[in-house]
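Trainee: Structure in structure tokens, see below.
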Amino acid sequence: MSDKERLSPDYWTPEGARPRLFLAPMEGLGDRFFRQAMSELGGFDEACSEFIRVPKNAHVASLARVYNSIETAPIPIAAQIMGEDLDHVAAMTIELVNRGAPRIDLNCGCPSNTVTGRGAGSSLLRTPERLHDIVKAIVNVSTVPVTAKLRSGFEDTSLLDENLLAAQDAGVAFITLHPRTKKEGYAPPARWDLIARAKEILSVPVVGNGDIICVDSALEMLKQTGCDALMIGRGAAQNPWIFHEIRAHFASEPSPRNAQGVITFIRRFQSLITDVMPVKTQVNKLKQLVNFLFGSCPDKRKELLRMRCSDPSDLADVMVLELSGETR
Ligand SMILES: Cc1cc2nc3c(=O)[nH]c(=O)nc-3n(C[C@H](O)[C@H](O)[C@H](O)COP(=O)(O)O)c2cc1C
């Protein structure tokens with residue numbers, strides 16, 4: 001049985017015509033507290049851990065401990081690996097599968113120079129043969145589906161086709177494409193035409209990712225690219241209720257932005273970070289969210305970011321108060 005066949009048709013259309021919805025991995029922003037608060041709000045079908053870096057000479061069993069397969073239960077959470085050494089990624093795969101990972105994803109997109117300098121993350125996009133070999137090393141030892149998350153290239157998109165086909169030939173069950181190069185970072189609009197290109201040349205399913213921020217952009221991505229499923233990252237930090245809105249659209253139900261849902265998310269997030277990190281870090285974490293949640297109200301955002309507070313719950317209260325205005 002191939003990896004692709006292990007993912008049933010139900011996997012791709014969980015409820016009739018609705019596409020599968022993935023919460024994107026976001027190291028630093030989408031940490032375990034964010035994911036847990038998001039999963040309690042629900043709406044998405046699957047999450048993915050941020051990358052677990054596997055350097056050469058790593059003690060993989062210790063590194064694998066950061067992965068918790070029941071963190072977002074009952075929503076499944078895949079484990080993402082980032083590495084450049086065949087033996088180490090294989091060893092990490094075995095560890096993560098033993099820890100209950102339902103899917104192993106290879107990171108081929110991280111732009112960090114520290115990582116790319118060592119040949120991992122987006123650096124793999126410079127050498128499709130190497131990308132193939134790394135995926136193969138994971139597929140060879142994995143008893144669960146293996147997938148890859150790619151950017152559209154390193155410097156430019158000239159190797160896109162080769163990279164996509166290399167991952168497919170090595171046995172991935174599907175590919176997620178974030179259509180920006182490493183050089184582009186996060187700035188220019190994501191090139192959805194490249195997701196359409198991936199659909200054209202691949203036989204494995206393609207998950208479209210990049211710049212989905214509302215129901216309309218989700219529908220537009222599906223229409224323009226023909227992708228099989230959607231992955232949302234920053235759009236979920238801007239509006240944690242976005243997955244419910246997309247679901248409501250496909251269920252032909254009204255789907256207003258639900259401020260109450262966002263408030264529940266903030267309260268839960270704040271309670272999860274309380275007592276597990278220094279107060280200053282808690283405030284910084286909440287301010288990181290302010291940047292996204294209040295992105296469309298620059299004045300309000302500035303005011304909240306300037307707020308001095310020795311108690312993080314004060315900041316959470318003000319955020320909630322501001323959002324409560326939307327519920328009235
Ligand atoms: C703060 C941050 C951290 C990220 N960390 C990861 C990561 O650990 N693994 C990964 O594959 N992609 C990572 N990404 C990329 C996102 O998963 C996603 O591909 C990208 O943000 C585009 O999707 P979006 O427009 O929906 O945010 C990160 C993005 C951001 C903004």
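Trainee: Evaluate the following for residue 243: is it assigned by TED's automatic domain parsing to the domain that holds residue 12 and either assigned to a helix (DSSP H, G or I) or under 15 Å from residue 43 (Cα atoms) (or both)?
Mentor: Taking the combined requirement at face value, the residue satisfies it.
Trainee: Suppose the filter is at pLDDT 95 or above, under 21 Å from residue 315 (Cα atoms) and aromatic (Phe, Trp, Tyr); does residue 292 pass it? Steps first, please.
Mentor: Working: at pLDDT 95 or above: yes; under 21 Å from residue 315 (Cα atoms): yes; aromatic (Phe, Trp, Tyr): yes.
The answer is yes for residue 292.
Trainee: Hey, among the residues in the stretch 16-38 that are within 17 Å of residue 207 (Cα to Cα) and more than 15 Å from the chain's Cα centre (by Cα), which one's surrounded by the fewest Cβ atoms within 10 Å (Cβ to Cβ)?
Mentor: 17
Trainee: Given (1) touching a helix residue (DSSP H, G or I) at 6+ places or on another chain (Cβ under 6 Å); (2) polar (S, T, N, Q); (3) within 17 Å of residue 38 (Cβ to Cβ), identify the lone condition not met by residue 258.
Mentor: It is condition (1) that residue 258 fails.
Trainee: Pull up the stretch 147-165, narrow it to residues that are charged (D, E, K, R) and away from the ligand (no atom under 16 Å from the Cβ), then point me to the one that is nearest to residue 127 (Cα to Cα).
Mentor: It comes out as 162.
Trainee: Among the residues of the stretch 217-239 satisfying the criterion of being part of a helix (DSSP H, G or I) and of a type in the set (A, V, I, L, M), which is farthest from residue 19 (Cα to Cα)?
Mentor: Among those that are part of a helix (DSSP H, G or I) and of a type in the set (A, V, I, L, M), it is 237.
Trainee: Separate question: Kindly provide the set of residues from the stretch 79-137 that are in a loop (DSSP other than H, G, I, E, B) and within 24 Å of residue 47 (Cβ to Cβ), ordered by number. Give the derivation first.
Mentor: Initially, the stretch 79-137 is screened for residues in a loop (DSSP other than H, G, I, E, B), giving 84-85, 99-103, 109-112, 117-120, 127.
Matches in the stretch 79-137: 99, 100, 101, 102, 103, 109, 110, 111, 112, 120.
Trainee: With the requirement that a residue be more than 18 Å from residue 152 (Cβ to Cβ) and either outside any helix (DSSP H, G or I) or within 10 Å of the ligand (Cβ to nearest atom) (or both), what does the stretch 206-216 give you?
Mentor: 213, 214
Trainee: Can you list residue pairs whose Cβ atoms sit under 6 Å apart, with the first residue in the stretch 204-221 being closer than 11 Å to residue 179 by Cβ and touching a residue at least 24 places away in the same chain (Cβ under 8 Å) and the second being assigned to a loop (DSSP other than H, G, I, E, B) and near the ligand (Cβ under 10 Å from one of its atoms)? Count only pairs 6 or more apart in sequence or on different chains.
Mentor: Sorted first by the residue in the stretch 204-221, then by its partner, the pairs are 210/190; 211/190; 221/212.
Trainee: Considering only residues of the stretch 39-54 that are in a loop (DSSP other than H, G, I, E, B) and surrounded by 17 or more Cβ atoms within 10 Å (Cβ to Cβ), which is nearest to the ligand (Cβ to nearest atom)?
Mentor: If we take residues in the stretch 39-54 being in a loop (DSSP other than H, G, I, E, B) and surrounded by 17 or more Cβ atoms within 10 Å (Cβ to Cβ), then 44 is nearest to the ligand (Cβ to nearest atom).
Trainee: Which of the following residues is in contact with an Asp or Glu (Cβ under 8 Å, 6 or more places away or on another chain), within 15 Å of residue 50 (Cβ to Cβ), assigned by TED's automatic domain parsing to the domain that holds residue 232 and in contact (Cβ under 8 Å) with a residue 12 or more places away in the chain: 137, 120? Spell out how you get there, then give the answer.
Mentor: Values: 137 fails: within 15 Å of residue 50 (Cβ to Cβ).
Result of the check over 137, 120: 120.
Trainee: Can you work out which of the residues in the stretch 170-191 that are surrounded by 19 or more Cβ atoms within 10 Å (Cβ to Cβ) and within 16 Å of the chain's Cα centre (by Cα) is nearest to the ligand (Cβ to nearest atom)? Full working, then the answer.
Mentor: Quick first cut of the stretch 170-191, residues surrounded by 19 or more Cβ atoms within 10 Å (Cβ to Cβ) only: 170-182, 184, 190-191.
Cutting the leftovers down to within 16 Å of the chain's Cα centre (by Cα) gives us 174-180, 190.
Values: 174: 14, 175: 12, 176: 8, 177: 9, 178: 4, 179: 9, 180: 7, 190: 6 Å.
If we take residues in the stretch 170-191 being surrounded by 19 or more Cβ atoms within 10 Å (Cβ to Cβ) and within 16 Å of the chain's Cα centre (by Cα), then 178 is nearest to the ligand (Cβ to nearest atom).
The values are calculated or read from the model by the stated rules, or taken from the named source; none is laboratory data. Quick caveat, the model's predicted, so the values are computed rather than measured. All Cβ positions, even for glycine, are placed from backbone atoms using ideal geometry, and neighbour counts span all protein chains on display.
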